[in-house]
1. Can you go through Glu176, Glu158, Glu220 and tell me which one is under 27 Å from Arg59 (Cα atoms) and among the acidic types (Asp, Glu)?
2. Residues of the stretch 61-93 being touching a residue at least 12 places away in the same chain (Cβ under 8 Å), surrounded by fewer than 14 Cβ atoms within 10 Å (Cβ to Cβ) and under 21 Å from Gln226 (Cα atoms), which ones?
3. Of the conditions (1) among the aromatic types (Phe, Trp, Tyr); (2) out of contact with any strand residue (DSSP E or B) (no Cβ under 8 Å at 6 or more places or on another chain); (3) modelled with pLDDT of 95 or more, Trp85 fails just one. Which one is it?
4. Would you say Leu232 is within 19 Å of Cys171 (Cβ to Cβ), crowded, with 17+ Cβ neighbours inside 10 Å and out of contact with any Leu (no Cβ under 6 Å at 6 or more places or on another chain)?
5. Take the conditions of a type in the set (Phe, Trp, Tyr) and touching a residue at least 60 places away in the same chain (Cβ under 8 Å) and apply them to Tyr242. Does it pass?
6. Out of the residues in the stretch 149-168 meeting the condition of being touching a Pro at 6+ places or on another chain (Cβ under 9 Å) and surrounded by fewer than 19 Cβ atoms within 10 Å (Cβ to Cβ), tell me which one is farthest from Asp194 (Cα to Cα).
7. Of everything in the stretch 94-108, what is open to solvent by 30 Å² or more (accessible area, probe 1.4 Å) and either touching a strand residue (DSSP E or B) at 6+ places or on another chain (Cβ under 7 Å) or touching a residue at least 40 places away in the same chain (Cβ under 8 Å) (or both)? Give them in sequence order.
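The values are calculated or read from the model by the stated rules, or taken from the named source; none is laboratory data. What you see is a predicted model; the values in this text were computed from it and never measured. With ideal geometry, Cβ positions are generated from the backbone for all residues, glycine too; neighbour counts draw on all protein chains shown. Note: areas computed on protein heavy atoms with side chains; ligands, DNA, RNA excluded. Shrake-Rupley method; radii C 1.70, N 1.55, O 1.52, S 1.80 Å.
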Amino acid sequence: MLIVDSGDRWTAITQPAHAWLAGQLAQVWGTGDIAPPEPRAEVCLGIEQHDVAWTDYDRRPPLHADAGRAASFIEAPIRERHLIWRDAPDRVLAQSPWAALLVSLHGTNIHTRYVSLDHLPGEDADIVRDYLAAQRALQDRLIDLAGTTRAAAERQAELLFALDALSLSLCHGWPERELPPVDDVTIRYLPTGDGAATLDPWPLAMPEVTVALAARTLTERFTDEQVMQAALEDTPSERRAYTLRAA
């Protein structure tokens, strides 16, 4: 669950919805100088589904007691996150080994770029080490099934990582930043207000792109987890649109 908390209200966006936003962007990714996804259909599927393992968790998110709202994905304990990421590739393997490979690579990218083993308790660090080793072995098998190479797969995982960061930036309303590089190209994201932003250099096949997802906004604060979950479930979804333009 992504949470945008403004104090007087909080907005919940599920992880699968955020991933779908990244998938919409993948469909139009690529210009004369920036390569599109390859193989297109399989990579777009992997990007669209990269957070599918969070579906059940986001249906019944835990309570963040201090804030009186649902907890965001970054507030989930590392052991709970580990269980989600451990099983994530299996959720899409029946659809495509390529998609499962991307989900696995995304999970290991997160755990190597954003998780510091030196700052984890010993048992948690061991869990992450075991996870990384198991995913490396799984990736070798999926590479064979997909008929590709690790270098080619890791390039597409870079694209997923960049689009994940772009989607997170749009959903959270984050300030100006550089996206993770793809093919050694670093793209600067600059919000311009009202759900709009510019990208420089421009990586999309159309001069202007609008993407959208569903979100739910609540004003209530809660002390009971089940009451919060029921209120979240009963809150109607709203459409949130975001527009990207060349700088």
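1. Numbers: Glu176 fails: under 27 Å from Arg59 (Cα atoms); Glu158 fails: under 27 Å from Arg59 (Cα atoms).
Being under 27 Å from Arg59 (Cα atoms) and among the acidic types (Asp, Glu) holds for just one of Glu176, Glu158, Glu220, which is Glu220.
2. Once the filter is applied, which keeps residues that are touching a residue at least 12 places away in the same chain (Cβ under 8 Å), surrounded by fewer than 14 Cβ atoms within 10 Å (Cβ to Cβ) and under 21 Å from Gln226 (Cα atoms), the stretch 61-93 yields Ala65, Glu80.
3. (3)
4. Working: within 19 Å of Cys171 (Cβ to Cβ): yes; crowded, with 17+ Cβ neighbours inside 10 Å: yes; out of contact with any Leu (no Cβ under 6 Å at 6 or more places or on another chain): yes.
Judged against the criteria, Leu232 is a match.
5. Working: of a type in the set (Phe, Trp, Tyr): yes; touching a residue at least 60 places away in the same chain (Cβ under 8 Å): yes.
Spelling it out, Tyr242 is indeed of a type in the set (Phe, Trp, Tyr) and touching a residue at least 60 places away in the same chain (Cβ under 8 Å).
6. Glu158
7. Answer for the stretch 94-108, where residues must be open to solvent by 30 Å² or more (accessible area, probe 1.4 Å) and either touching a strand residue (DSSP E or B) at 6+ places or on another chain (Cβ under 7 Å) or touching a residue at least 40 places away in the same chain (Cβ under 8 Å) (or both): Gln95, Pro97.
To keep it simple, each residue is scored yes or no on (1) more than 18 Å from Glu158 (Cβ to Cβ); (2) hydroxyl-bearing (Ser, Thr, Tyr); (3) not in a helix (DSSP H, G or I).
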site: Ala19; (1), (2), (3): no, no, no
site: Gly23; (1), (2), (3): no, no, no
site: Thr31; (1), (2), (3): no, yes, yes
site: Ala35; (1), (2), (3): no, no, yes
site: Trp54; (1), (2), (3): yes, no, no
site: Arg86; (1), (2), (3): yes, no, no
